[in-house]
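J.: Take this structure first; my questions come after.
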């Protein structure tokens, strides 16, 4: 089945109005395109509990800093439409920047606490851009359920908190990270890695597994876990470590010792490509 493909907010709302009138439950997956198996797993998860799956494809300029890869971010809408068709997606909403931001937005969603550290510190303004576009997309699509990936753990935690704080009527589902056979988390940016860099990039997963192994063997001091992760990453000179941290997976505040809901998170540049990954260390958060 070929999905309907709309580019305007009015078309999207009109198409979904008919679905709601028919009593169908709407599922939603927000993407920046260049879909991979991780995105497709989110679509499959949305399909499990909804009747009509909507995928948005929009590279959001608000979440990119001035020195980040907005212009270079991979784009291939025809390919994305084909993959959505293969997964039975009913509607693809692919607006351009002028449709989403007809005038420069002066209203932003800003959050403190959850977004202060790690990605928030490394990419100032990033989460304002993410939360602003997600809220706008929620207003356009008005889904019953929206599925996001655990790979972007801090983003997922921020969206959960925004939905709770602002009483947004959507069920947010966080789906597990999908990995390549060698453990590398699926990411649209993986296409930028050279062969040797691709091999080096698996150290992010290796660092997380090392922390998990130490916890399994009884280590609880997060400082020791962070040193161990740093050691795994810095052993490869292709890797420039940005952070290797253990935090509470809901609040993203630092932990002194591992407790239920503890999350190990890493970020590093491999060559010129910035990658992130994470792993629960002790019983996932409900």
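The values are calculated or read from the model by the stated rules, or taken from the named source; none is laboratory data. Just so you know, these numbers come straight off a predicted model, no measurement behind them. Glycine gets a Cβ as well: all are built from the backbone with ideal geometry, and neighbour counts include every protein chain shown.
J.: If I filter the stretch 194-203 for residues that are part of a loop (DSSP other than H, G, I, E, B) and either more than 12 Å from the chain's Cα centre (by Cα) or not assigned by TED's automatic domain parsing to the domain that holds residue 70 (or both), do I get at least one hit?
T.: Going through the stretch 194-203, the residues part of a loop (DSSP other than H, G, I, E, B) turn out to be 194, 202.
Among the residues that remain, those that are also either more than 12 Å from the chain's Cα centre (by Cα) or not assigned by TED's automatic domain parsing to the domain that holds residue 70 (or both) are: 194, 202.
So far as the stretch 194-203 goes, yes, one or more of its residues are part of a loop (DSSP other than H, G, I, E, B) and either more than 12 Å from the chain's Cα centre (by Cα) or not assigned by TED's automatic domain parsing to the domain that holds residue 70 (or both).
J.: State which residue pairs qualify: first residue at positive phi and inside the stretch 182-196, second residue surrounded by 13 or more Cβ atoms within 10 Å (Cβ to Cβ) and at pLDDT 95 or above in any location, beta carbons under 8 Å apart, and separation of 6 or more residues or different chains.
T.: Close Cβ pairs satisfying both conditions: 183/202; 183/205; 183/206; 183/209.
J.: Run down 220, 209 and say which single residue is over 30 Å from residue 49 (Cα atoms), outside the structural domain of residue 48 (by TED's automatic domain parsing) and touching a strand residue (DSSP E or B) at 6+ places or on another chain (Cβ under 6 Å).
T.: 220
J.: Among the listed residues 37, 21, which satisfies the condition of being assigned by TED's automatic domain parsing to the domain that holds residue 77 and without any contact (Cβ under 8 Å) to a residue 12 or more places away in the chain?
T.: Exactly one of 37, 21 is assigned by TED's automatic domain parsing to the domain that holds residue 77 and without any contact (Cβ under 8 Å) to a residue 12 or more places away in the chain, namely 21.
J.: Could you tell me which of the residues 141, 147, 170, 114 is crowded, with 19+ Cβ neighbours inside 10 Å, in the same structural domain as residue 57 (by TED's automatic domain parsing), over 17 Å from residue 38 (Cβ atoms) and in contact with a strand residue (DSSP E or B) (Cβ under 8 Å, 6 or more places away or on another chain)?
T.: Just a single option satisfies the conditions, and that option is 141.
J.: Could you tell me whether residue 29 is buried (at least 23 other Cβ atoms within 10 Å of the Cβ), under 14 Å from the mean Cα position of the chain (by Cα), assigned by TED's automatic domain parsing to the domain that holds residue 142 and closer than 16 Å to residue 139 by Cα?
T.: Spelling it out, residue 29 is indeed buried (at least 23 other Cβ atoms within 10 Å of the Cβ), under 14 Å from the mean Cα position of the chain (by Cα), assigned by TED's automatic domain parsing to the domain that holds residue 142 and closer than 16 Å to residue 139 by Cα.
J.: Condition first: under 12 Å from residue 206 (Cβ atoms) and outside any helix (DSSP H, G or I). Now tell me which residues in the stretch 217-245 satisfy that.
T.: Listed by number, the residues that qualify are 235, 236, 239, 244.
J.: Also: Go through (1) loosely packed, with under 15 Cβ neighbours inside 10 Å; (2) in contact with a strand residue (DSSP E or B) (Cβ under 7 Å, 6 or more places away or on another chain) one by one and return the number of the condition residue 37 breaks.
T.: (2) is the only condition that residue 37 fails.
J.: Could you check the stretch 4-102 for helices (runs of 4 or more DSSP H) lying wholly inside it with 2 or more residues that are within 28 Å of residue 273 (Cβ to Cβ) and modelled with pLDDT of 95 or more?
T.: Because the criterion is at least 2 residues that are within 28 Å of residue 273 (Cβ to Cβ) and modelled with pLDDT of 95 or more, the helices (runs of 4 or more DSSP H) in the stretch 4-102 that meet it are 37-49, 77-86, 97-100.
J.: Look at residue 251 and say whether it is touching a residue at least 24 places away in the same chain (Cβ under 8 Å), surrounded by fewer than 18 Cβ atoms within 10 Å (Cβ to Cβ) and closer than 30 Å to residue 69 by Cβ.
T.: On the way: touching a residue at least 24 places away in the same chain (Cβ under 8 Å): yes; surrounded by fewer than 18 Cβ atoms within 10 Å (Cβ to Cβ): yes; closer than 30 Å to residue 69 by Cβ: yes.
So residue 251 fits the description; yes.
J.: Does residue 256 count as closer than 29 Å to residue 68 by Cβ, surrounded by fewer than 17 Cβ atoms within 10 Å (Cβ to Cβ) and modelled with pLDDT of 95 or more?
T.: no
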